[in-house]
């Protein structure tokens, strides 16, 4: 017989991802947000509710940190089996998480967990020694991590959390990781010269990327309590869309007028004044990050889809340190996506995320003295 | 508006896996059996029906040969979205297949496809230039290809077709592949000295591994028409369980008495008379394969979980050629599973299957002059 | 009994590297210049003469395209065994080549081959289907391809031709390759702002990088006859030192005054006027290359030690094509050297050259339809 | 001005490889034997003397553990520059070692070091934390680690110490390693059924593989003092030639009569009595190793050229432990050489040695808690 638990009544429930405060139902606002339990049952089910229209909501489940399922939800209520027919009394570590990023243009989309059902007990879940916060764009939202190379539509099914470098770092370093990411957004401007598509603008909200009445009612736009989860490191993977903006046409943006990052159309040399705007935005974002996270190591990573702005990023990091005396920031180049590692929609594939995770894992291993170990044969 | 098609009314439907004859509903008897369509719709759904008790039935779906979903079915009827929100008019190649092997000890288990629903059309699906038939045991049934290394239960969720070397060869070489495989079975004896657990005994049936009234009613135990699908190569991956039997205690097997493959318990040297039984069974199986498949190249592969019997296998291949004058047989050693590549339940993990697929792919490439190409970043 | 041949009397001698005309002794002016024979003897020796002072001259030998020896020469005459105790009558393909680049600041250095000694015959050496010319800096001169990571002196022993991507391409694609390269030099300026250290200035000489009375007497400064060896592709790997110049102090250069590539010292953003000078120099060099090599494919490769100037290079290639209508030029990004692949003196190590060769090999394979195949276990 | 030192007068000289006692000249009897110094000079030379006839003597040199040269010696006296033009006062770690194995059939061959010349001082060389002794055959003698895949002669130039897994382990684990190895020999019989070609017979001599008046005068056949260098682990890589003997014709061996390891010529199944001889020889060798090395971990590794006898080896290890109660022995499978990793003469190439070193390094890392780290880009 399975016993039914309201999600807020589940003993020892571990919540992944930013929320305003624990509540029932529990919102999963963005990519990689989810729940984790240690369950002794022979069987475990999760009950969720979601809505969507064009872009469907996908979820994934892991048992003992190995991926078991990945599937699309149906609109409305869904019951999903997390495991069954297992030996009762033994502890199974189970995660259930959102694959789809927060969708800033789709107020109709939401996903919430209502309860769990099992024939066993919920034992305490270990506190991880390290916490890492990831801030990024479509790369961090796993766009392209599923799908064939020739697939070029912009679809939810090509995005994931399960196959991102964030999840790999989390698994391989036995850490807790959160992601704040949005495809197309930058540190100063979106890829299409949309000036309002910059992550710093929403960083201090619970999830400023999840609009709509359902999400807002669950607290997505509320100020975020930075003391509730103090990251040991913040990994910023922004700049790719800022660089794209130099190559795209001007865009009329409400409140910002006609926006365009300029370059010399003959030589391709970028306009130094516009580069300077990114430089300044980076320094301002570093100051904001430090204000909200006084003790965290801040690491800017870059390069998985070209590195045109590497000089601007490293320059801004130096200048920020000079201005503030803050030495707890660093830069790490990530390997570029190649013909071998590209996924769908010209984005990093699974292999590219794996290559990036190894480089980043090595850095974090040395910084925090915790090993990065790949799970054997089933990545 | 979606139009509903009975599965036998779907134009240009391609069926994967052995069946007695096309019928509605369409049975998916064993691992990797499934359907394939080229669909122009913006949306496509599959309707299936299954039953199970202890061991659950899992399925997977691919779009343009990239894995999109993998999930457990619910007992009874299920409707699964294969894709949606895609550009209508463009062709999407879609596959839906069974992850779980035929379950020879579970007569209650079955899976059948009843229909498809779409707003588009079904265009012809390409005939592949090459057809490969795989014959094997738990390795070929993908046991261990999902799940963490420390997972040691015997569960359906750890088995797959999606992450096997069979599926990799099929994708990378643009071929059609079928599997006839059963965990624990051998060419002469099962891993536990069960003499009746040998694949040759069931090879000439449609699917002699799928018992039960539902499966039998759909033709599983009928003689198989070998002319319906002529493989260019037959890849036999057997011997691993025959070798295990030397290390396991004697077993009373109905119709066979007390069965035991003997070895010198001090030196570990195997009894030559018992080795000879395997040798003879291999030659007999080679003769059966050739009788049923006069034109196919027969390739015995071995080594993914040790290769204790390599000498016996290569010896049998030589002796078979000498006796029959048949030169169209060969042996290929596959790399052993290592601590790096092992999956769950001490079986080959995803990485081990990938390593094996590369070696086998290279062999088949040279044999048939067709390239083995890994899909870029999303394996 | 060995028979002694003056180098100009060796039947079927193949000469690698630019020379004014075949002569005895035969000068080996720059990196990878050498000789090749197909010899049927049981034994073969080469006699050479060299001089040097601070920087020693190194050579290497290959048998059937596998590296056998690499050693420092003694000043004066040296006799070196290329092979012995081999089966007479069988053909051995043997190469002997210079490891050390031409040394533009060391007029005392020279190396020349005087003769060969063998008990066999010299059979014809195959003409290769493709010829590739490489133009580069310290990367192409193999600096760092020998030596430990912590070695930071500037020494001849850390430079090679044997472990460069040039040699790898030559071997793996069965082509003939030549190198014109000089550490520290650029397309517009040297790494230290020395404006005269640009390869275009010396490109039309036999070897404008090899000064001194011995080299000049052997024709190093003579105009080069471009019709004598028509490359199918010219691979230009320049730009790395031009980028460095932005980070180094101003330099007084005779004939050029005080030279300095400027950047904003706060933001690190490069001065667009100075970037334009490199842009113009690239276009001018492309025009010179095309004038001298009307039929060659011109490929600019870049990125093994950072790619700050990638935009300038791709911009110049576009503008060149626009101005001239010449579409037979292309750009290829090479992977950056990483902590894993770096060699001595902060330069690309053997592994970095191998990674680059695979990327470049793939490009050339597709361009010229000739496979890139690594020699099995002994690279 | 260089100062000349007799080899026994060199302060802080470290000697690699077995010798009877330090003496001048210093013999280098077998593969990987050599000298190591930490020298502060700007320049260092080594003086050696050797003789040979058909098989030439090769040596190699490393600076700071990176290979710099590899070359054939001339018969008689040779002076070889180990480095020059380096910054005086800084310490350079330099090794000079023999590439060629001891040659048991060539009494005319010897190699000895007579002295060093430098303008600097010799500082102490670090004691390594761990010492490993390797016992093997042609694999451990590096046969095939140089040379092209198509090269099939049996020549000194294809053998090395520089590219073996022994040298890799030594470098990557910062250990001291010694090799006792001979191509074609086994633990019970040589590859051609020569019963006297077994390593156990010579194990307790200084170098029972180096005959001839010169070697004997320098103590090669003297009893070896096992207390002079106590290995932390003994790695035995034998069995490959014992397995070959089953496939080769009978051989008349003086003192042993007609020798032949038998197998069933039809089935290929090996004769259990002959397998038992190997089994017994292994147990006897383990007992001898333990008697001479009471504290060493004994590790039998196997598999780089097939693993037909794996069961016999693991059986013998079990039986030895049962008989003696000695639990300080273990077995480790090494990866088989593949088409990708094979070198010349059908032997493991450089890549195969690298693959083996990684597996063995991982084992030793865990056993002794010392990291295995590959030197960056220059292996």
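Every number in this text was worked out from the coordinates using simple rules, so none of it is lab data. Quantities reported herein were computed from a predicted structural model and do not represent experimental measurements. Methodologically, a virtual Cβ is constructed for each residue, glycine included, from the backbone with ideal geometry; neighbour enumeration extends over all protein chains shown.
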- Taking the label point 7 Å from Cα in the Cβ direction, how far apart in nm is residue A:340 from each other copy of itself, listed shortest first? 0.9, 1.0, 1.4
- Task: May I ask you to derive the FRET efficiency for residue C:248 and residue B:174 from their Cβ-Cβ distance with R0 = 51 Å, giving the value to the nearest 0.05?
- Result: 0.45
- Task: Between D:133, D:49, D:170, find the one with the highest GNM mean-square fluctuation for chain D; connect C-alpha pairs within less than 10 Å.
- Result: D:49
- Query: Using r as the Cβ-Cβ distance of residue D:322 and residue B:314, and R0 as 30 Å, what FRET efficiency do you calculate, to the nearest 0.05?
  - Reply: 0.40
- Query: Going by alpha carbons, how many degrees (0 to 90, nearest 10) lie between the helix axis of D:272-292 and the longest principal axis of chain D?
  - Reply: 40
- Note on the structure: Over the protein assembly as shown, the sum of -39500 (n - 2.57) across DSSP H runs of at least four, divided by residue number and rounded to 500 deg cm²/dmol, gives at 222 nm -6000 deg cm²/dmol
- Separation between Cα centres of region D:246-282 and region A:358-374, rounded to whole Å: 52
- How far is residue D:11 from the same spot in each other copy, in nm, shortest first, if each label point sits 7 Å from Cα toward Cβ? 6.1, 7.2, 9.4
- Spherically averaged projected area of the protein assembly as shown from its Cα convex hull (nm²): 56.7
- Item | Paired Rg and Dmax values of chain A, which use every Cα atom, in angstrom | 20.6, 72
- Query: Taking neighbour Cβ counts within 10 Å as the exposure measure, how do A:341, C:189, B:324 sort from fewest upward?
  - Reply: B:324, A:341, C:189
- What whole number of Å gives the distance from the Cα centroid of region A:283-297 to the Cα centroid of region B:189-235? 65
- At residue C:196, with labels set 7 Å past Cα in the Cβ direction, how many nm apart are the copies from this one, shortest first? 6.1, 7.3, 9.4
- Message: Could you work out the relative contact order of region A:141-269? I mean the mean sequence separation of Cα pairs under 8 Å and 6+ apart, divided by the number of residues, in percent.
- Response: 20
- Over the whole of C:48-59, what's the average partner chain Cβ count within 10 Å per residue? Rounded to a whole number, please. 1
- Item | For region B:54-127 versus region D:31-48, the gap between their alpha-carbon centres in whole angstrom | 68
- Message: Counting other beta carbons within 10 Å of each residue's own, what order do C:181, C:244 fall into, fewest first?
- Response: C:244, C:181
- Message: Could you work out the relative contact order of region D:257-376? I mean the mean sequence separation of Cα pairs under 8 Å and 6+ apart, divided by the number of residues, in percent.
- Response: 19
- Item | chain B: relative contact order as a whole-number percent, Cα under 8 Å and 6+ apart | 18
- Query: Expressed as an acute angle from 0 to 90° and rounded to the nearest 10, what is the orientation of the C-alpha long axis of helix A:350-368 relative to the principal long axis of chain A?
  - Reply: 90
- Item | Per-selection Kirkwood Rh - region C:150-250 (Cα, Å, 1 d.p.) | 15.6
- Task: Mind giving me the FRET efficiency for residue A:87 and residue C:126? R0 is 56 Å, r the Cβ-Cβ distance, nearest 0.05 is fine.
- Result: 0.25
- Message: At 7 Å along Cα-to-Cβ for each site, give me the label-to-label distance between residue A:277 and residue C:230 in nm.
- Response: 5.2
- Is region B:3-123 best put as rounded, prolate or oblate by its Cα gyration tensor, with a ≥ b ≥ c the root eigenvalues, rounded for a/c under 1.5, and otherwise prolate when a/b is larger than b/c, oblate when not? prolate
- If one compares the long axis through the Cα atoms of helix B:310-324 with the longest principal axis of the Cα atoms of chain B, the angle in degrees, nearest 10, works out at 90
- Message: Just to be sure I understand the curve: with the Debye formula and one point per C-alpha of region B:269-356, what is log10 I(q)/I(0) at q = 0.14, 0.18, 0.20 Å⁻¹?
- Response: -0.60, -0.86, -0.95
- Output field shielding_mean for B:65-76 (other chain Cβ, 10 Å radius) holds 5
- Per the rule of 0.36 nm per residue minus the C-alpha distance, extending residue C:284 to residue C:152 adds in nm 44.0 nm
- For the modelled label position 7 Å from the Cα of residue A:105 along Cα-to-Cβ, which residues of region A:48-78 have backbone nitrogen atoms closer than 13 Å? A:54-55
- Residue closest to axis [chain D; rotation mapping onto C; Cβ; Å]: D:71, 2
- Message: At a 10 Å Cβ-Cβ cut-off, how would you order D:229, A:185, fewest neighbours first?
- Response: D:229, A:185
